[in-house]
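> Below are the structure tokens for one structure; questions will follow.
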Amino acid sequence: MEFFFNPKGVAVIGATENMAKGGFHLLRNVIDSYQGTIYPVNPRYSKLMGVPCYPDVASIPDDFDLAVYFIPAPSLPKTIEECASKKVKGIIIESAGFSEVGEEGRRLQEECVSLAKRHGIRLWGPNCMGFLDGQAGHVFSFMYMDVWKTLLKPGNVSMIVQSGMLSAGFLMMVLERGGMDISKMCSIGNKCDLNETELFEFLVNDSSTDVIGLYVESIVEPRRFLKIASGTSKPVVLVKGGRSPAGARAALSHTASMAGDHKILRSALRQAGVIEITDMNEMMDVLRGFSKIRSFDERDGAGTAVVTFSGGGGIVTSDLLHEAGLRLADLSRDTLDTLKAVYPPWMDPANPADIWPAIEHSGMEKVYSTVSEAVMNDPGVDSVIVHVFARGIEGTLFKNLAELKDRLGKPVIAWLVGLGDSMRKCRTALEDLGIPVFDEMSRGVSVLAALKDHFHNRRR
């Protein structure tokens, strides 16, 4: 598997100078991201982007590990034979025209798989967008993504996505939104040879991956997949396409996947500790939460403290916690007395802790520092939701909260409101401190529920 992610030499089959074609973007991405030797292949050119170009694989003077294929499907058998002569270990097939288009494509795909197995070559795809490795910086994909050059940062979240465009769209969402950095983003398409279960096992053993997300339309080797999921402490978040009869039919035409009986699968996934999500935005939220929060010191009878600038916001959050099966913490007398010292005389503190009157009475920095330390050290509190109004509030106010979060193993979730640059700066500051930020209370509460459920199940 390592030869896909850290190959010794890469051939780009279908490289071109035509900016309207995927082969241009594929070659550009490989050149801009890979430090090893690159071999563009196209009989129309002798040089591309300053790199010698070869008419076919057979003309390449060296042996190499990896080929990325982006020419019409019927040429693949010949390419596999040529790759075998160069001791190629893997081919990423980003072209379409295989089993997803019907019987003729299915026969071609099966022929190519059989041929590759005979030569000991692994096939990735076809009908996919390859992958991006945030740790190594490799972009082996034709996705038009100038943005990755400036926004991509190495992180701890890896994804396996059966849909090519969905993986590209999801990656764009991640990079544009921020707050979650990528280890590996893998688009696997028809998965004619290399499948999600093999990649999943690789990521479970990958030291740079702490959280794994999947979008799949079917699961190859489901027993093995579930065994791997049961045996890892890493959070696994999955969206399964084809849950309904209509969705299953769409999956068949998309990647030729048989969706299977989802009711049976849902139960098995839950038993294996997999967090199943039905929406891609929610999946991004949950992955982002796990990327920031790596422990949860859950205690019997403990609950969530809500620190808010709005009494109404506290009420709504309380309702959402109840609906998610979470409970408000019962603050200790010591905690309430500590809060009372910064509150105005006419107001008794409670949970949710409405701190705006306290801020007017004692000042913002003193209140945030006092309240943060008090609720985080309360033995009846296992997590905190903090409401933040970004105008005039700097992220430095929350350094103490972040330090306590890390030391005590108590997750902190932020709901953020505000305007323009103030909001963006505050969001960045909070997430840099390891506090995931949400624009909607309900999304933050859903993530907290997923975190608590995961760590609870892993301790059992």
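> Before we move on, is residue 21 over 18 Å from residue 84 (Cα atoms), exposed (fewer than 14 other Cβ atoms within 10 Å of the Cβ) and not small (Gly, Ala, Ser)?
For residue 21, the condition - over 18 Å from residue 84 (Cα atoms), exposed (fewer than 14 other Cβ atoms within 10 Å of the Cβ) and not small (Gly, Ala, Ser) - is not met.
> Out of all the residues in the stretch 341-359, which are under 18 Å from residue 314 (Cα atoms) and either without any contact (Cβ under 8 Å) to a residue 40 or more places away in the chain or in a helix (DSSP H, G or I) (or both)?
Scanning the stretch 341-359 gives 343, 347, 348, 349, 350, 356, 357, 358, 359.
> Go through the stretch 327-340 residue by residue and tally those that are touching a strand residue (DSSP E or B) at 6+ places or on another chain (Cβ under 6 Å) and either part of a loop (DSSP other than H, G, I, E, B) or modelled with pLDDT under 95 (or both).
Qualifying residue count for the region: 2.
> Now for a different question. Suppose the filter is crowded, with 23+ Cβ neighbours inside 10 Å, of a type in the set (Phe, Trp, Tyr), out of contact with any strand residue (DSSP E or B) (no Cβ under 8 Å at 6 or more places or on another chain) and modelled with pLDDT of 90 or more; does residue 225 pass it?
yes
> In the stretch 417-428, how many residues are over 20 Å from the mean Cα position of the chain (by Cα) and crowded, with 21+ Cβ neighbours inside 10 Å?
Of the residues in that region, 1 qualify.
> Another question about this same structure. Specify the residue that is surrounded by the most Cβ atoms within 10 Å (Cβ to Cβ); the eligible residues are those in the stretch 118-150 that are touching a residue at least 12 places away in the same chain (Cβ under 8 Å) and part of a helix (DSSP H, G or I).
148
> Among the candidates 398, 455, 438, which residue alone is crowded, with 16+ Cβ neighbours inside 10 Å and either without any contact (Cβ under 8 Å) to a residue 40 or more places away in the chain or polar (S, T, N, Q) (or both)?
Among 398, 455, 438, only 398 is crowded, with 16+ Cβ neighbours inside 10 Å and either without any contact (Cβ under 8 Å) to a residue 40 or more places away in the chain or polar (S, T, N, Q) (or both).
> Additional query: Tally the residues that are in contact with an Asp or Glu (Cβ under 7 Å, 6 or more places away or on another chain) and buried (at least 19 other Cβ atoms within 10 Å of the Cβ), restricting the search to the stretch 361-387.
1
The values are calculated or read from the model by the stated rules, or taken from the named source; none is laboratory data. In this text, all values refer to a predicted model and were calculated from it rather than measured experimentally. Neighbour counts run over all protein chains shown; Cβ positions are idealised from the backbone, glycine included.
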